[in-house]
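The values are calculated or read from the model by the stated rules, or taken from the named source; none is laboratory data. These figures come from a predicted structure and were not determined experimentally. Here Cβ is always computed from backbone atoms with ideal geometry, including for glycine, and neighbour counts include all displayed protein chains.
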Amino acid sequence: MTSINHVHAVNNLEVHVIAKAKQIRESLGGTLFAFPIEESNPFSAYAVVMYAGGKYITYPDTTNLSEASAGILLILKELKKRGLDANYERNVRIISYQAQMDSSSTVMHKLKNFKWKAEVPSIIKCMLQKSYN
C-alpha cells in the first residue's frame, strides 16, 4: 500500500469510528466508547473513542477488547485524579455484538472489578492531551 493510500485508509477508518461513536453517544449516552470496528467479525479489532470538549478523540491504533477495556479503566483513573467526571456507569459504553459474544476470544466479563497496576499508558496521555487542546 502506498503512503497516500495508507493515509486515505486511516482517515476513512477514523471517519467510520467517529460516526459509530456519535451513534452510540446519541442512543446510549456516555463519553468513553470501545466497540468492534467490524460488527459481524467475531475477532474484530476494537476502537477506543473519548468524547471531551465537544470533540471525539480516537486512539490512533485499533486494539483488542482486553486492551480497550484496560485503557478505558486507566482513562477513568486519570480523569478522577484530575477531578473530572470518572463515573463508570454514566460515561463508559463498551459494545460487543453477537458475533463477539459468541466468540471464544471474548474476555473481561467483570470489567468493573478489573484491577490494573501500571503507569498511565500513552493511550491516556494522548487522548487527554487532544481533549484539552
- Of all residues in the stretch 89-102, count the ones that are exposed (fewer than 15 other Cβ atoms within 10 Å of the Cβ) and modelled with pLDDT under 90. 4
- Query: Residues Leu84, Leu79: which one is surrounded by fewer than 17 Cβ atoms within 10 Å (Cβ to Cβ), among the aliphatic types (A, V, I, L, M), modelled with pLDDT of 60 or more and over 22 Å from Ser27 (Cα atoms)?
  - Reply: Leu84
- What number of residues within the stretch 8-57 are under 16 Å from Asn91 (Cα atoms) and among the hydroxyl-bearing types (Ser, Thr, Tyr)? 4
- Query: Got a number for residues in the stretch 40-75 being in contact (Cβ under 8 Å) with a residue 40 or more places away in the chain and outside any loop (DSSP other than H, G, I, E, B)?
  - Reply: 15
